[in-house]
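A quick write-up on the structure given underneath.
The values are calculated or read from the model by the stated rules, or taken from the named source; none is laboratory data. In this text, all values refer to a predicted model and were calculated from it rather than measured experimentally. All Cβ positions, glycine included, derive from the backbone under ideal geometry; neighbour counts span all protein chains shown.
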Amino acid sequence: MFVELDPAAGQWIASNADRRWALLLEYWNHLAQRLDRLPKRAEIDPVGLPVGLLSNIFLVDVVRADGAPPRFRFRLLGASITARERVRPGQYLDEYMTGTTPDEMTRHYLDCLERRVRIRHTNLAWDHPSKEFISYHVMLLPLSSDGTVVDALLGLAIYEA
């Protein structure tokens, strides 16, 4: 495996009734093993994704500038995400998190840069237009143009309400 899967995340995925988590991880693993490296963003084929994933998928570009911490720019957001969240393509993670506590979310993205994969659980009560409580989970997988340096992320966000 080209990533370090958090043991708790592995158990959670294996025991979760929603198979989309396992399907995306299997898709990514199969692609990485076939290529013998981290997949490139362009190698993620929307048609090749397992059925039922596309509306919950998102892609993030890692933007690096000399000496500055990396920033994360949303490139693509599935319909299930844009229906619930105010984030839009082209927006940076740090712009999206205005007024929230960014620590856990930012740490999740930074972990993925180090090829550590885990599941983050949070909610949208603070953000959703109807102010209803929406719980969701997120998984991030690393992508790389050169097969080594992570320069994009493939995400899956699944909402429970």
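So which residues in the stretch 138-161 are closer than 16 Å to ILE57 by Cα and either modelled with pLDDT under 95 or part of a loop (DSSP other than H, G, I, E, B) (or both)?
Start the filter on the stretch 138-161 by keeping residues that are closer than 16 Å to ILE57 by Cα, which leaves 138-143, 152-160.
Residues satisfying the conditions are TYR159, GLU160.
Pairs only if they're at least six apart or on different chains, beta carbon under 7 angstrom, first in the stretch 149-160 and closer than 23 Å to ARG64 by Cα, second among the small types (Gly, Ala, Ser) and at pLDDT 95 or above; list them, first residue then second.
So the pair list comes out as VAL150/SER144; ASP151/SER144; ASP151/SER145.
What single numbered condition from (1) closer than 17 Å to LEU110 by Cα; (2) in contact with an Asp or Glu (Cβ under 8 Å, 6 or more places away or on another chain) fails to hold for PHE58?
(2)
If we scan the stretch 84-104, do we find a residue that is in a helix (DSSP H, G or I), among the aromatic types (Phe, Trp, Tyr), at pLDDT below 90 and in contact with a strand residue (DSSP E or B) (Cβ under 9 Å, 6 or more places away or on another chain)?
Within the stretch 84-104, one or more residues are in a helix (DSSP H, G or I), among the aromatic types (Phe, Trp, Tyr), at pLDDT below 90 and in contact with a strand residue (DSSP E or B) (Cβ under 9 Å, 6 or more places away or on another chain).
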